[in-house]
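Reviewing the structure listed below.
Values quoted throughout were computed directly from the atomic coordinates according to the rules given, and no laboratory measurement underlies them. Quick caveat: nothing in here was measured; it's all calculated off a predicted structure. Here the Cβ is made from the backbone with ideal geometry for all residues, glycine too, and neighbour counts use every protein chain on show.
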Amino acid sequence: MVFEWITYTHNTQPIFYQIVLIIGSFKCVVTLLNFLYWLLTSLYIFYLSSPPDLKKTGEWAVVTGCTDDHKKNSKKQSAYLIEKYQIKTIIIKIDFGTASKELNQSIELILTQLDIGVLVNNVGMVVEYPIFFCDKDNTLTDIETMLNVCCRSFIKITHMVLPSMLERNRGVIINIASGAGLQPIPLLSIYSACKALMKTASQALDIEYNSSDLIIQTVTPFLIATKLSRMKKPRISVPSSDQFVEQAMRTIGKYSSTTGYFSHEIIAGMRQIMPVFIDQWFFFNITILRLKYGQRIKEKLNRSN
């Protein structure tokens, strides 16, 4: 009996290994084909496809945070749009960090009278440099301001605009979150949490109203060369705002959730297959470098004063 059992086991081992080899090879082929399909589709969408005709959605587009916080820049941007595209513009000056109930009501009165086809929730803010939660410079006032700008503004403006879009059964809402909301970022805890809230709420709204003809898109970019990111020069993985918008526009109606830029899609894909501890270690150390840079800037300012 012992000899027969050993012989039986010995004879079945090659069959078992062959089955495993076939399954493994099949899995590798499927993975490779899926990757090639994703790569070709992404290249087409980000570089070759045409953006949708948003004029069909309505007469007006509302963009929050379309310039920095200087009013003269808002007027300059308005003049540029009027001259280049021969369109009307309305500037609504809002400090989302301290917006009162009365101001919100006046904004709602204006927005509900317009045929809004596109809403881009873009306004945001980030701390001057990464900071520990209990650092004396991280005051409750600063935290409250960030919650107002990054979270409450998105919820309030969307709640003002969405009902009329649903009534007309047309419209596009684009919510600009951040790659920082894809996982907890130490030293940027409040900002990371705000962007995670925006991403989750945006995706939930997309599911809630997927039976309508509305498009609700979540965009989670990584670094873009803007004043907010404090990155001055564009690179392969850090596009200018114009480069980013050119590609992100092509994704509307094609991706309900996207980073908005091809190289950022590559980064997001690599993070998904990377072990979590490596991903966390990498971003934590990058944040530490930014913290040290911020501390040097702070010390320099203190010396100059």
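Odds and ends about this structure:
- Using alpha carbons only: equivalent-ellipsoid semi-axes of the range 43-177, gyration tensor based, whole Å: 29, 19, 17
- Sequence ranges 79-85, 153-159, ranked by mean other-Cβ count within 10 angstrom, highest first: 153-159, 79-85
- Compared with the direct C-alpha span, the chain from Arg168 to Glu128 gains 10.2 nm at full extension, assuming 0.36 nm per residue.
- Using θ = phi - 60° in the Karplus curve 6.51 cos²θ - 1.76 cosθ + 1.60, the 3J(HN,Hα) couplings for the range 156-162 round to 5, 5, 5, 5, 6, 8, 4 Hz; x is entered for Gly and Pro.
- The range 53-304: translational diffusion in µm²/s, Stokes-Einstein, Kirkwood Rh over Cα pairs, 37 °C, 0.692 mPa s: 168 µm²/s
- Additional length obtainable on full extension of the chain from Gln86 to Thr41, 0.36 nm per residue less Cα span: 12.7 nm
- Close amide H partners of Ala225, meaning residues 5 or more places away or on another chain with modelled amide H under 5 Å apart, are Ser240, Ser241.
- Summing charges over neighbours of Ser263, with a neighbour being any other residue whose Cβ is under 14 Å away from its Cβ, gives 0 when K and R count +1 and D and E count -1.
- Here's the list of lysines a cross-link from Lys27 could span, going by alpha-carbon distance under 28 Å and ignoring same-chain residues fewer than 8 apart: Lys254.
- Among Met160, Met270, Met165, sorting on how many other beta-carbon atoms sit within 10 Å of each Cβ, with the fewest leading, yields Met270, Met160, Met165.
- Inter-label distance for Ile22 and Asp115, nm, one decimal - labels placed 7 Å from Cα along Cα-to-Cβ: 6.3 nm
- Build a GNM of the chain with springs between Cα atoms under 10 Å apart, and of Asn34, Asn210, Asn175 the one that fluctuates most is Asn34.
- Added length on full extension, which subtracts the Cα-Cα distance from 0.36 nm per residue, Ser263 to Ser100: 54.7 nm
- Restraint check, Lys227/Lys292; Lys76/Lys232; Lys56/Lys233; Lys136/Lys199; Lys93/Lys199, Cα-Cα greater than 31 Å: Lys56/Lys233
- Exposure proxy order (Cβ contacts within 10 Å, fewest to most) of Ile91, Ile131: Ile91, Ile131
- Sorted by Cβ density within 10 Å, fewest first, the residues Asp242, Asp213: Asp242, Asp213
- For Cys151, neighbours were defined as the other residues whose beta-carbon sits under 12 Å from its Cβ, and their charges (Lys and Arg +1, Asp and Glu -1) total +3.
- Model label zone, Gln272; criterion: amide N under 14 Å from point 7 Å along Cα-to-beta-carbon; scope the range 235-261: 255-260
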